[in-house]
Structures are given as C-alpha cells and as structure tokens.
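The values are calculated or read from the model by the stated rules, or taken from the named source; none is laboratory data. Fair warning: this is a prediction, and the values are worked out from it, not measured in the lab. FYI the Cβ positions are ideal-geometry reconstructions off the backbone, even for glycines, and counts take in every protein chain you see.
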Amino acid sequence: MANATARANQAQTKTPAAPGERDACALLTKQDAAAALAEAVTGPQSSSGRSSITPGTTASSCEYSGPGLHRINLNLMRLSPGTAAVYRTLCAQKGKEGLSGLGDVACWYSDKHEELQVLKGLTFFSIELRKSGDPTEAIKGAAKRVFDQLR
C-alpha cells in the first residue's frame, strides 16, 4: 500500500472543503504543529477534494513547515465503508506500540514512527512528522489532539 500522503495527494484538488466535509487545518492548528515540531512553523498549506481513485472518498490535507526539512502533515479522509474495511485490515498487520485509545484502529505506517494512521468510524487520518530525533511522542500527541476533536 502506498503511504497515506501519496494517496491523499492523488485524491485532492486545490478547492475548499465542501459543506459537511472536515477541513484538516481546522483539526491541526499552527499551535499544535509548533508544539509537535518544538519550533516555530510556517503555513498552513492546505488542499481538499474528492478522490478519483476511490469513489465516495473525500480528502483534506494540511501541512506546516519548520526549518530545513522539518514538517508535519495531516491527511484527513472520509472513507466509504468498503475502503474503511481495507484500511482496518491493513492496519491490523502493522505495529501498534503505545497507541491504545486512539480511534477504532491505530497503527504505525513504519517502525520509524514518522507516520501514524488512525481510523475512527469512516474517518481516516494520517499524520506524518519529520524532525530531528525520535518523533514518537510528538506524533502521538498531535494525533490525540486531532482524535479528540473528532469525538
């Protein structure tokens, strides 16, 4: 499976979110991004749209940048029931260290802990964090703030 960012980027157009759709930048604020990166950030850069890959899927993305290659990106998708089932199955095969209480299903995309994927009902989000040092606690904190707003 390609990572969630590639899928979301393919799925998105540069249009505002349609009524009833969630905006990723409303869930990941500049303050949240700065806290996760532990430094000042610029942005956001956002996009949203409907998927041409998976019918019934809408997507929104929000990215903040720090110095150099440091960045945090939130991809938010409203999935069809079939697509949610696929993500549930894929996530079941991945690492879940320290992720209890985050969504119906939560998993690390890789063992580097630079991407965290969460499914709550039909809402899927992925957070990518690139910074110096171990990103584990910072990415979990950002994911918890996003998840708490989805309740």
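So the values come out like this:
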| read-out | value |
| --- | --- |
| Selection count, segment 1-37, where residues are modelled with pLDDT of 50 or more, assigned to a helix (DSSP H, G or I), of a type in the set (A, V, I, L, M, F, W, C) and out of contact with any Ser or Thr (no Cβ under 8 Å at 6 or more places or on another chain) | 7 |
| Residues within segment 118-151 that are without any contact (Cβ under 8 Å) to a residue 60 or more places away in the chain, part of a strand (DSSP E or B) and among the β-branched types (Val, Ile, Thr), tallied | 1 |
| Residue under evaluation residue 40, criteria (1) at pLDDT 95 or above; (2) in contact with a strand residue (DSSP E or B) (Cβ under 9 Å, 6 or more places away or on another chain), criterion not met | (2) |
| Candidate set from segment 60-117 (those that are outside any loop (DSSP other than H, G, I, E, B) and among the charged types (D, E, K, R)); member that is surrounded by the fewest Cβ atoms within 10 Å (Cβ to Cβ) | 88 |
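Conditions (1) modelled with pLDDT of 95 or more; (2) in contact with a Pro (Cβ under 8 Å, 6 or more places away or on another chain), marked per residue:
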{"residue": "77", "(1), (2)": "no, no"}
{"residue": "80", "(1), (2)": "no, yes"}
{"residue": "87", "(1), (2)": "no, no"}
{"residue": "92", "(1), (2)": "no, no"}
{"residue": "97", "(1), (2)": "no, no"}
{"residue": "104", "(1), (2)": "no, no"}
{"residue": "117", "(1), (2)": "yes, no"}
{"residue": "121", "(1), (2)": "no, no"}
{"residue": "128", "(1), (2)": "yes, no"}
